[in-house]
1. Search segment 70-92 for residues being under 20 Å from the mean Cα position of the chain (by Cα) and in a loop (DSSP other than H, G, I, E, B), and hand back the single one that is nearest to the ligand (Cβ to nearest atom).
2. Return the residue satisfying two criteria in turn: it lies in segment 110-141 and is in a loop (DSSP other than H, G, I, E, B) and either among the charged types (D, E, K, R) or modelled with pLDDT under 95 (or both), and of such residues it is farthest from the ligand (Cβ to nearest atom).
3. Would you tally the residues in segment 1-54 being more than 16 Å from the ligand (Cβ to nearest atom) and either of a type in the set (Lys, Arg) or under 20 Å from Thr189 (Cβ atoms) (or both)?
4. Take Gln84 and tell me if it is touching a residue at least 24 places away in the same chain (Cβ under 8 Å) and of a type in the set (S, T, N, Q).
5. Anything in segment 186-233 that is basic (Lys, Arg) and away from the ligand (no atom under 16 Å from the Cβ)? List them, or say none.
6. Looking only at segment 28-53, filter to residues that are within 19 Å of Tyr71 (Cβ to Cβ) and among the β-branched types (Val, Ile, Thr); which one of those is surrounded by the fewest Cβ atoms within 10 Å (Cβ to Cβ)?
7. For segment 197-219, enumerate the residues that are in a helix (DSSP H, G or I) and in contact (Cβ under 8 Å) with a residue 60 or more places away in the chain.
8. Give the residues of segment 152-169 that are away from the ligand (no atom under 11 Å from the Cβ) and open to solvent by less than 20 Å² (accessible area, probe 1.4 Å), sorted by residue number.
Amino acid sequence: MRIVRTIPELRALIRTLREGGQRVGFVPTMGFLHEGHAALIRHSTSRCDATVVSIFVNPTQFGPGEDLAQYPRDLERDQNLCLQLGVKVLFLPEVSEVYPTGYTTFVDPGPMAERLCGAFRPGHFRGAATVVAKLFNMVQPDLAFFGQKDFQQSVIIRRMVRDLNLAVDVVVAPTVREADGLALSSRNTYLAPEARTRALALSRGLFAAEAAFKDGERRAELLLQTARAQLGEVDELQYLELVDTQTLDPLAGELTRTGALCVAARVGRTRLIDNVILSPTDEGVSFLHLDPL
Ligand code: PAF
């Protein structure tokens, strides 16, 4: 595994890989890797000849008062994991490498960035879309892998790729969960044991709605109510919404097309998100479903 810190080094390495006819897969991360990242890396190594992983805690996607300074880091452990998983290139740029002095250009993802998490984290998706566009230009991957847990991010990135004609296929892989249902997240490390137990309300709510859906319930309001009934233990329910998987517009009435049931809540001081896909037809979610490894 090669560790590179500068864009010219990265480009030279990727050029060599490409000249050797290698198909390049890319997993962008902010580090503190967990089994969810490992799954993305395995998806990449099983489909591509060379996998590039970036670790970059992107300052432009954190708002004032958010956890940029405290964001968990463990570079040594991350490096070992990448090595074990067969990553070919680990890209570890400094902030000044990605945003040199005088940096002013941003990607504006439009109205989708204002909805759901965007309403609570102004500017977050502008920062995330910008850094992903930049990383795509640096790495120029054939395939890039994102986790379904950040569902809104994955929809915004897919739209950006389409709208800006970026030459990369975005693959969204299913959320990896703990045995008790908690969606894996680097931020789970913030949860004290008591909060960790209460955090299970998110997956419990989503699974209850999913079970009702599987039993034939199609009324959006009833599905939302079923999930909401489990969410009493969180400290602040920021949103619980059933939305269209392409546009993120709220779905009401009878569910006739695929929806994403998305939740965000604070438990203690930790903000958590989760979602499940509810598909009456199994259409429109093919991008989420990869063959098992
Ligand atoms: O999902 C994340 O970890 C980040 O938003 C990403 C895609 C690495 C961009 O900083």
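1. Tyr71
2. Initial filter on segment 110-141 (in a loop (DSSP other than H, G, I, E, B)): 110, 115-116, 121-123, 140-141.
This time we only want the ones that are either among the charged types (D, E, K, R) or modelled with pLDDT under 95 (or both), so: 115, 121.
Working: Arg115: 17, Arg121: 11 Å.
Applying the filter and picking the extreme gives Arg115.
3. Here the count works out to 8.
4. Numbers: touching a residue at least 24 places away in the same chain (Cβ under 8 Å): no; of a type in the set (S, T, N, Q): yes.
No; evaluated as a whole, the condition is false for this residue.
5. Arg196, Arg198, Arg204, Lys214, Arg218, Arg219, Arg228
6. For segment 28-53, the residue satisfying everything is Thr29.
7. Arg198, Ala199, Ala201, Leu202, Ser203, Leu206, Phe207, Ala209, Glu210, Phe213
8. Val155, Met160, Val161, Val168
The values are calculated or read from the model by the stated rules, or taken from the named source; none is laboratory data. Keep in mind that this is a model prediction, so the values were computed, not measured. Cβ: placed from backbone, ideal geometry, glycine included. Neighbour counts: every protein chain shown. Protein only, heavy atoms only, side chains kept; ligands, DNA and RNA dropped before computing areas. Shrake-Rupley method; radii C 1.70, N 1.55, O 1.52, S 1.80 Å.
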